[in-house]
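Engineer: I have a structure I would like to understand better, so I am pasting it below and will then ask my questions one at a time.
What follows is calculated from the coordinates using simple rules that are stated; it is not laboratory data. Since we're looking at a predicted model, the values are computed, not measured. When we count neighbours, we look across all protein chains shown, and the Cβ atoms used for this are built from the backbone with ideal geometry, even at glycine.
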């Protein structure tokens, strides 16, 4: 996928950013969850979609409440349209019960 195409598609998946790690283009999104176990619940919801799609993102639970998902197509060595489709499907998940509420001043 060209950089131009990736820049066009990233605008269609709220909360995701384009990153380049070691020459590989990926899309990434992070969330703060309520607890370690809520992070694991989130992983399961994402895993269910990933299995159905046959497209498996990298899932990271750092510390006790920081979840990050990275998506790219390993076989292509970068991004494809399927990566953005998976990101959109993850965005459609109801995750509110797992996420920390933002603190307001």
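Engineer: Say R0 is 30 Å: what FRET efficiency, to the nearest 0.05, do residue 53 and residue 4 get from their beta-carbon distance?
Structural biologist: Numbers: r = 25 Å, r/R0 = 0.83.
The value I calculate is 0.75.
Engineer: Further question on the same structure: So what's the angle, to the nearest 10 degrees on a 0 to 90 scale, between helix 81-91 and the longest Cα principal axis of the chain?
Structural biologist: On a 0 to 90 degree scale, this one is about 10.
Engineer: Roughly how tilted is helix 36-53, in degrees to the nearest 10 and between 0 and 90, from the longest Cα axis of the chain?
Structural biologist: Once rounded, one gets 30 degrees.
Engineer: Here is a further query. On alpha-carbon atoms, Rg over Rh for the chain using Kirkwood Rh?
Structural biologist: On the way: Rg = 13.9 Å, Rh = 14.2 Å.
Answer for the chain: 0.98.
Engineer: Related question: As a test of the formula, what do you get for the chain when each DSSP H run with n ≥ 4 contributes -39,500 (n - 2.57) and the sum is divided by the residue count, at 222 nm and rounded to the nearest 500 deg cm²/dmol?
Structural biologist: Values: 3 runs with 37 residues, N = 105.
For the chain, the value works out to -11000 deg cm²/dmol.
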